[in-house]
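Structure, as structure tokens:
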Amino acid sequence: MKSIAHKGLRPVAMLEALKGVVVLVAGFGLLSFLGRDNEIFAERVIRHLQLNPAHHYPQIFITAMARLEDSHLWMLAGVAAFYAAVRFVEAYGLWYERRWAEWLAALSGGIYIPLEVYELFRRPTGLVVAALFMNVIIVGYMAWLLSESRRRRAAMEKAAVVEGP
């Protein structure tokens with residue numbers, strides 16, 4: 001370990017890896033719809049949930065599933081695979097305390113904060129509050145690690161100049 005301050009990186013790395021696994025599984029799940037009559041599947045789901053297929057929201061779901069083409073599924077699965085790969089790379093870097101991974105975690109987490117704040121005001125739920133709280137903590141921790149690293153490096157450079165050759 002670089003320092004005691006870096007002990008929080010491993011739990012964050014595990015969280016990022018878990019997010020990658022979940023999205024990868026979802027991407028493979030999308031591929032299970034290839035070559036199927038998705039409209040019939042949607043109607044079965046609606047009936048199983050005992051919803052009226054003529055109502056507005058069930059009809060939106062049925063229509064969306066009917067319009068789903070294999071090319072859309074491949075594209076969505078590809079996006080899921082790319083997102084999962086980014087999460088896995090980030091998890092690897094955080095696990096091995098790489099500075100680039102701290103930057104990636106701070107930036108990729110920070111991107112979601114405005115969206116989560118918007119959702120909090122639009123439709124506050126416990127899940128939105130928890131996601132925002134966890135994201136702010138992680139981004140704040142990454143920012144603190146990065147600034148601490150910069151401060152230590154500057155102090156070492158200053159000490160090297162004072163000592164001289």
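The values are calculated or read from the model by the stated rules, or taken from the named source; none is laboratory data. Please read all numbers here as calculations on a predicted model, not as lab measurements. Cβ placement follows ideal geometry from the backbone for every residue including glycine, while neighbour counts extend to all protein chains displayed. To get the accessible areas, we keep the full protein, side chains included, count just its heavy atoms, and leave off ligands, DNA and RNA. Shrake-Rupley method; radii C 1.70, N 1.55, O 1.52, S 1.80 Å.
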Next on the checklist: Can you go through Glu97, Glu102, Glu90 and tell me which one is in contact with a helix residue (DSSP H, G or I) (Cβ under 8 Å, 6 or more places away or on another chain), within 30 Å of Ser147 (Cα to Cα), outside any helix (DSSP H, G or I) and not small (Gly, Ala, Ser)?
Outcome noted: Glu97
Checklist entry - How many residues are over 12 Å from the mean Cα position of the chain (by Cα) and assigned to a helix (DSSP H, G or I) when one looks only at segment 107-131? => result 14
Checklist entry - Where residues in segment 135-156 are under 16 Å from Trp103 (Cα atoms) and among the aliphatic types (A, V, I, L, M), which of them is surrounded by the most Cβ atoms within 10 Å (Cβ to Cβ)? => result Met142
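For residues that are of a type in the set (S, T, N, Q) and either in contact with a strand residue (DSSP E or B) (Cβ under 7 Å, 6 or more places away or on another chain) or exposed (fewer than 13 other Cβ atoms within 10 Å of the Cβ) (or both), tally how many sit in segment 106-134. Steps first, please.
Step one: of segment 106-134, the residues of a type in the set (S, T, N, Q) are 108, 125.
Still in the running and either in contact with a strand residue (DSSP E or B) (Cβ under 7 Å, 6 or more places away or on another chain) or exposed (fewer than 13 other Cβ atoms within 10 Å of the Cβ) (or both): 125.
Residues in segment 106-134 being of a type in the set (S, T, N, Q) and either in contact with a strand residue (DSSP E or B) (Cβ under 7 Å, 6 or more places away or on another chain) or exposed (fewer than 13 other Cβ atoms within 10 Å of the Cβ) (or both): 1 in total.
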Checklist entry - Is there any pair with a first residue in segment 125-137 that is modelled with pLDDT of 95 or more and a second that is of a type outside the set (Gly, Ala, Ser) and open to solvent by 80 Å² or more (accessible area, probe 1.4 Å) whose Cβ atoms are under 6 Å apart and which are 6 or more apart or on different chains, and what are they? => result Asn135/Tyr112
Next on the checklist: Scan segment 63-81 and tell me whether some residue there is modelled with pLDDT of 90 or more, closer than 30 Å to Ser149 by Cα, under 12 Å from the mean Cα position of the chain (by Cα) and of a type outside the set (D, E, K, R).
Outcome noted: no
